[in-house]
1. Go through the range 50-63 residue by residue and turn each phi into a ³J(HN,Hα) via Karplus (6.51, -1.76, 1.60, θ = phi - 60°); whole Hz please, and just put x for glycine and proline.
2. Could you order Phe42, Phe52 by accessible surface area, starting with the largest, using a probe radius of 1.4 Å?
3. So, counting K/R as plus one and D/E as minus one, what does the shell of residues with Cβ under 13 Å around His25 add up to?
4. Keeping every protein chain in place, order Lys40, Lys63 by accessible area at 1.4 Å, biggest value first, i.e. largest first.
5. I want the local charge near Phe52. Using Cβ-Cβ distances under 12 Å, sum +1 for each Lys or Arg and -1 for each Asp or Glu among the other residues.
Amino acid sequence: MINIDNEETKLDLPLMLKPTDIQNHLGISKNKTYNLIQLKGFPKIQIGNQYFIPYEEYLKWIKKNIGSTISV
């Protein structure tokens, strides 16, 4: 688990996120989550039919897309 602890944020997430982690973090539906994961440039690793999202790359992706409108 990664624990980010500063004045503004406290996150306790695993190093490898699952789609449900993304869904819960962003507050979006399961279908939108999987559509998001399928987008070109979204950081993911697919093993069989399971997806894993590296935590650090996910944070970078979010920062990179601040101010963007993403249609899923």
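1. Per-residue couplings from phi come out as 10, 10, 10, 10, x, 3, 4, 5, 4, 4, 4, 4, 4, 4 Hz.
2. So the residues, ranked largest to smallest area, are Phe52, Phe42.
3. 0
4. In descending accessible area the options line up as Lys40, Lys63.
5. For residues surrounding Phe52, the net value is 0.
The values are calculated or read from the model by the stated rules, or taken from the named source; none is laboratory data. Everything numeric in this text was worked out from a predicted model, so none of it was measured. Here Cβ is always computed from backbone atoms with ideal geometry, including for glycine, and neighbour counts include all displayed protein chains. The accessibility values were calculated without ligands, DNA or RNA, using every heavy atom of the protein model including side chains. Shrake-Rupley method; radii C 1.70, N 1.55, O 1.52, S 1.80 Å.
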